[in-house]
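The values are calculated or read from the model by the stated rules, or taken from the named source; none is laboratory data. Quick caveat, the model's predicted, so the values are computed rather than measured. A quick note on method: Cβ atoms are made from the backbone with ideal geometry, for glycine too, and the neighbour counts reach across all protein chains shown. Keep in mind that these areas ignore ligands, DNA and RNA; they rest on the heavy atoms of the full protein, side chains included. Shrake-Rupley method; radii C 1.70, N 1.55, O 1.52, S 1.80 Å.
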Amino acid sequence: MSVLHKSNFDTDFLWGASTSAVQTEGAWNRHGKGLSVWDTFVQRKNKIASNHKHLVAADFYNRYMEDIAIAKSLNIPHFRFSLSWSRILPEGTGNINQDGIDFYNRVIDCCLENEIEPWITLYHWDLPNELELKGGWTNRAILEWFEEYVMVCMANFKDRVKYWMVLNEPVVFTGAGYFLGLHAPGKKGLKNFLPAIHHAVLCQAIGARIIKRESPTAEVGTTFSCSYITPNSLSNKDKIAALKTDALLNRLFIEPALGLGYPTNIPILKKIEKYFQTGDELLMKADFDFIGIQNYTREVVKHSYFVPYLQARPIPASKRKVYHTTMDWEVYPEAIYEMIKKFSGYEGVKKIIVTENGAAFNDTIENNQVADSERIDFLNSYIAQVLKAKLEGLKIAGYFVWSLTDNFEWAEGYHKRFGLVYINFETQQRIIKASGHWYKQFLKDK
Ligand code: FCB
């Protein structure tokens, strides 16, 4: 494999690593934090693999200094993390928890002291439970709840934080959380999914406007999951299935933000109009400085009569017998290039940052070391595709690894490890994996 170096990219290309609050912080009920939907969801039986809970997670709440120091030691210049809404506003609105604000002030200051640029995701899936009791994302009142939360964050952090992302992967938290019931809050069905989509689309635009208004020099973005979609065969049915899946997974949230409306090739989506109010077309539009894309794999899709609304089904990588990670996600580096190309193709997209990319493998410790050569190969091959996109003049401007440390992987619990840094969840001991050393070397100044 060719040896990549960051000097292959422009000097202003941004490099980083990402995490999120639920997955790393722990301290779920410490110092005034209110409950989030994930705090209640993990208490339900058999919702999470092995009934794991994120209650301590990577203990970032207590160990942020150590983890930021590790990021520094790995030459990582940009660190993306999320704020927990219910740590800041325990009931979602109203009372502000000063201890929560103080915690994020410490994290931000610690980044800056280490010359690391903090990148904040405002919403990485942990809605305050109090708001869920009122319908959560299905209730249009979330537009005001979210506005209040964003205002509090801006008032407290805008003086030191330049890079903001409004939402993390809305198709995942609405799809898995409000349609399939696999993620918090565990709701199902179209009657939950459609309003949740529409309100998330409105909130991503509202959030962007508030950030720009409150901090005109800020760089504002939002993040989208995306997968390169290919049909399983050249049959018309499979091709249509692939196009519908592409609309659902890749286009649903960006197109309304760009003023293009919702995709029309999934007929059931038309029902979303029921949740429209006058002026929503305009309200949905947002002027993002950058779009965060998060790509891990591709999906090979076939037609299926049994899947309601979509009539399409992805074929798992293991069934296709292709090389895959422990998430059963195919290792397919070209996917990231294809996604950068796809998103660059939108006229309204100014700049793209890969805000997540990485892989879960079965890491093992020997002599206090983790020799995760598969992850190194993965990162190398995906970054090579990012370079290809860059050299072709596509709008790509940065790349973040998911994740800095091992953490709580949602419904998969602690079984899936994505970190550059290994965490022993019994002792909280950190061990920099070979991939962490590899990234350090890659990021080193010449
Ligand atoms: C993304 C999520 C992130 C992490 C990775 C593996 O969908 O944004 O929190 O779980 O997948």
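Quick one: P(r) of segment 64-208 from all Cα-Cα pairs, 10 Å bins, percents rounded to integers, in order of increasing distance.
12, 40, 31, 16, 2
In segment 1-143, if the dipole is taken from +1 on Lys/Arg beta carbons and -1 on Asp/Glu beta carbons about the Cα centre, which of PHE79, GLY32, PRO128 is farthest to the positive end?
Checked the options; the winner is PRO128.
Return the ratio Rg/(2.2 N^0.38 Å) for segment 183-327, where Rg is computed over Cα atoms only. Before the final figure, lay out the partial values.
Working: Rg = 17.1 Å, N = 145, 2.2 N^0.38 = 14.6 Å.
Rounded to two decimals, the normalised Rg is 1.17.
Where does the charge balance sit around LYS237 when Lys and Arg score +1, Asp and Glu -1, over other residues with C-beta under 13 Å from its C-beta? Mind dumping the intermediate values first?
Values: positive: LYS239, LYS244, LYS302, ARG313; negative: ASP238.
Here the charged neighbours net out to +3.
Taking LYS162 as the anchor, which aspartates and glutamates have their alpha carbon closer than 12 Å to its alpha carbon, excluding any fewer than eight residues away along the same chain?
GLU117, GLU214, GLU219, ASP289
Counting pairs of alpha carbon atoms under 8 Å apart in space and at least six apart in sequence, what relative contact order in percent does segment 319-412 give?
On the way: 98 pairs, mean separation 33.9, N = 94.
Here the relative contact order equals 36 percent.
Just the number, please: Stokes-Einstein D of the chain in µm²/s, Kirkwood Rh from C-alpha pairs, 37 °C, 0.692 mPa s.
Working: Rh = 22.0 Å.
Reported coefficient: 149 µm²/s.
With +1 on the Cβ of every Lys and Arg and -1 on the Cβ of every Asp and Glu, and nothing else charged, how large is the dipole of segment 10-64 about its Cα centre, in debye rounded to the nearest 20?
Details: 7 positive and 5 negative charges, 115 e Å.
Computed about the Cα centre, the dipole is about 540 debye.
Apply the Debye scattering formula to segment 1-68, with a single equal point scatterer on each alpha-carbon and no solvent, then give log10 I(q)/I(0) at q = 0.11, 0.26, 0.27, 0.28 Å⁻¹.
Cα-only, vacuum Debye calculation for segment 1-68: -0.45, -1.18, -1.23, -1.26.
Probe radius 1.4 Å, ligands and nucleic acids left out: which of LEU182, LEU112 has the largest accessible area, and how do the rest follow? Kindly include the intermediate steps, with their values, before the conclusion.
On the way: LEU182 100, LEU112 65 Å².
Descending accessible area places them as LEU182, LEU112.
For VAL322, tell me the accessible area in Å² from a 1.4 Å probe, rounded to the nearest 10.
Only protein atoms counted, so the area is about 40 Å².
For segment 157-196 and segment 11-78, write down the distance between their C-alpha centroids in whole Å.
What the calculation gives is 17 Å, centre to centre.
Suppose every K and R has +1 on its Cβ and every D and E has -1 on its Cβ; what is the size of the dipole of the chain about the Cα centre, in Debye to the nearest 20? Could the numbers behind the result be given before it?
Working: 52 positive and 50 negative charges, 269 e Å.
That gives the chain a dipole magnitude of about 1300 debye.
Would you please state which residues of segment 1-40 a label at ARG106 would reach in this model, taking the label point 7 Å out along Cα→Cβ and a backbone N cut-off of under 14 Å?
So the set is 25-28, 30-33.
For segment 1-123, divide the Cα radius of gyration by the Kirkwood radius and give the resulting Rg/Rh value with two decimals. Please list the in-between numbers first.
Details: Rg = 16.8 Å, Rh = 15.9 Å.
We get a ratio of 1.05 for segment 1-123.
P(r) tail for segment 275-417, what percent of Cα pairs lie past 28 Å?
Details: 3500 of 10153 pairs.
It works out to 34 percent of all Cα pairs.
Taking the Cβ of PRO128 as the centre, find all other residues whose Cβ is under 13 Å away and add up their charges (Lys, Arg: +1; Asp, Glu: -1).
Details: positive: LYS33, ARG87, LYS134; negative: ASP39, GLU91, ASP126, GLU130, GLU132, GLU148.
It works out to a net charge of -3.
Given the pairs LYS239/LYS390; LYS270/LYS319; LYS244/LYS285; LYS45/LYS433; LYS237/LYS416; LYS274/LYS341, which are separated by over 26 angstrom at their Cα positions? All intermediate terms of the calculation are to be shown ahead of the outcome.
Working: LYS239/LYS390 29 Å; LYS270/LYS319 33 Å; LYS244/LYS285 23 Å; LYS45/LYS433 33 Å; LYS237/LYS416 34 Å; LYS274/LYS341 33 Å.
Listed pairs above 26 Å: LYS239/LYS390; LYS270/LYS319; LYS45/LYS433; LYS237/LYS416; LYS274/LYS341.
Given only helices, namely DSSP H runs of n ≥ 4 each adding -39500 (n - 2.57), what is the per-residue ellipticity at 222 nm of the chain, to the nearest 500 deg cm²/dmol?
On the way: 16 runs with 160 residues, N = 446.
Mean residue ellipticity at 222 nm (helix-derived): -10500 deg cm²/dmol.
Mind scanning LYS33/LYS187; LYS47/LYS191; LYS188/LYS302; LYS6/LYS53 and naming the pairs with a C-alpha gap bigger than 30 Å?
With Cα atoms farther than 30 Å apart: LYS6/LYS53.
For VAL331, tell me the accessible area in Å² from a 1.4 Å probe, rounded to the nearest 10.
30
Give the distance, in whole Å, between the Cα centre of segment 251-295 and the Cα centre of segment 314-391.
A separation of 27 Å, based on Cα centres.
Give, in nm to one decimal, the length gained when the segment between LYS321 and VAL3 is fully stretched (0.36 nm per residue of separation minus the Cα-Cα distance).
Details: separation 318, 0.36 × 318 = 114.48 nm, distance 2.84 nm.
So the extension gain works out to 111.6 nm.
Hey, which aspartates and glutamates would be in cross-link range of LYS388, C-alpha to C-alpha under 12 Å, not counting anything within fewer than 8 residues on its own chain?
GLU334, GLU338
Solvent-accessible area per residue for the chain at a 1.4 Å probe radius, Å²? Numbers along the way, then the final one.
Working: 17520 Å² over 446 residues.
Per-residue value: 39 Å².
Treating only the Cβ atoms of Lys and Arg (+1) and Asp and Glu (-1) as charged, compute the dipole magnitude of segment 315-377 about its Cα centre; round to the nearest 20 debye.
Numbers: 8 positive and 11 negative charges, 81 e Å.
In total the dipole reaches around 380 debye.
Working out 0.36 nm times the residue gap between SER73 and ASN265, then minus their Cα-Cα distance, what length gain in nm do you get to one decimal? Show your work: numbers first, answer last.
Numbers: separation 192, 0.36 × 192 = 69.12 nm, distance 4.83 nm.
Full-extension gain reported as 64.3 nm.
Would you tally the net charge around GLN385, using a Cβ to Cβ cut-off of less than 9 Å, leaving GLN385 out, and scoring K and R as +1, D and E as -1?
On the way: positive: LYS388; negative: GLU334, GLU338.
That works out to -1.
Quick one: go through segment 279-320 and flag any residue whose amide nitrogen is under 18 Å from the point 7 Å out along the Cα-to-Cβ line of ASN236.
It comes to 302-305, 311-312, nothing else.
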